[in-house]
Amino acid sequence: LRRATESDPSDPRVWRKAAEFLARIGSPEVVIAQRNLTRLEPGDMGLKVALVTEALRFNDLDSAAEGLELLEEGARQDAAFHRLAAAGALALGESDEVARHLEGLIEASPQDYVARFNLAAMQAWSEDDDVIAAAGVELARLCTQPKVRVRAALERLKLAAMSRNPELVDQEVAFLVRTFDPSLAQLPLLRSAPTEPPGWSILLGQLKLM
């Protein structure tokens, strides 16, 4: 970094090389290099994205927020922007902004099942009953998506357990078992132990295989 500032601080090629080197060795000073690159080449959207990415990597929240502000309005409809903005809002503890950007990300990229899971998992703990119900439906849908089905299943189990309603837990286990293996839809599920929900051992076996 010192070499870059001493040789030619106005040459973006110098800062680009510095940024590449600092990123490679895992130095937090890469954020400074990326900020200078962004200043010298304000029209390069990729540099602004890189600034946010590196700033989040090193938990430099001020620089991450600065980079997000620099993104032009047109880029704010892109999935990449919403993904970065959601990560930045999460780091800042701004849950409403996290949800807003996850919604934008899903609108831009409907097949991003990780984003859909993250949003549903957040909304499942809302104080609005309608939002909670919609989140439950979405988590049920996501139980059929290989990339997130285990996480969605665990989230639904956690919600059922938090209800402290044994009947609801039994229903949830049965739903998951039959979602993961529709051939069990018409078969009765048995308890392996008095304290376990019917089908619990089957569900554990299914989850281990995923």
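Computed quantities for the displayed model
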| read-out | value |
| --- | --- |
| Failed criterion for residue 138 (all others in (1) touching a residue at least 24 places away in the same chain (Cβ under 8 Å); (2) open to solvent by less than 40 Å² (accessible area, probe 1.4 Å); (3) part of a helix (DSSP H, G or I); (4) of a type outside the set (S, T, N, Q) hold) | (1) |
| Residue within segment 95-110 that is more than 25 Å from residue 80 (Cα to Cα), without any contact (Cβ under 8 Å) to a residue 12 or more places away in the chain and surrounded by fewer than 20 Cβ atoms within 10 Å (Cβ to Cβ) present | no |
| Scope segment 74-90; condition modelled with pLDDT of 85 or more, over 17 Å from residue 151 (Cβ atoms) and open to solvent by 50 Å² or more (accessible area, probe 1.4 Å); matching residues | 83 |
| Any hit, segment 16-32, residues being closer than 13 Å to residue 85 by Cα, buried (at least 17 other Cβ atoms within 10 Å of the Cβ) and out of contact with any Asp or Glu (no Cβ under 8 Å at 6 or more places or on another chain) | no |
| Residue count, segment 141-180 (criterion: without any contact (Cβ under 8 Å) to a residue 12 or more places away in the chain, among the polar types (S, T, N, Q) and assigned to a helix (DSSP H, G or I)) | 1 |
| Pairs, first crowded, with 21+ Cβ neighbours inside 10 Å in segment 114-131, second in a loop (DSSP other than H, G, I, E, B), C-beta under 6 Å, six or more apart | 117/148 |
| Filter result (polar (S, T, N, Q) and more than 11 Å from the chain's Cα centre (by Cα)) within segment 91-125 | 95, 109, 111, 123 |
| Top-ranked residue in segment 76-90 [being more than 20 Å from residue 61 (Cβ to Cβ) and outside any loop (DSSP other than H, G, I, E, B); ranked as nearest to the chain's Cα centre (by Cα)] | 79 |
| When residues of segment 45-73 are limited to those that are part of a helix (DSSP H, G or I) and open to solvent by 50 Å² or more (accessible area, probe 1.4 Å), the one modelled with the lowest pLDDT | 73 |
| Count of residues meeting criterion [surrounded by fewer than 19 Cβ atoms within 10 Å (Cβ to Cβ) and within 18 Å of the chain's Cα centre (by Cα)] in segment 152-174 | 1 |
| Selection within segment 181-207 - part of a helix (DSSP H, G or I) and open to solvent by 40 Å² or more (accessible area, probe 1.4 Å) | 182, 183, 200, 201, 202, 204 |
| Candidate set from segment 91-100 (those that are under 13 Å from residue 65 (Cβ atoms) and not in a loop (DSSP other than H, G, I, E, B)); member that is modelled with the highest pLDDT | 97 |
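The values are calculated or read from the model by the stated rules, or taken from the named source; none is laboratory data. If you're wondering where the values come from, they're calculated on a predicted model, not measured in any experiment. Methodologically, a virtual Cβ is constructed for each residue, glycine included, from the backbone with ideal geometry; neighbour enumeration extends over all protein chains shown. Side chains are part of the model used for accessible areas, which takes the heavy atoms of the whole protein and leaves out ligands, DNA and RNA. Shrake-Rupley method; radii C 1.70, N 1.55, O 1.52, S 1.80 Å.
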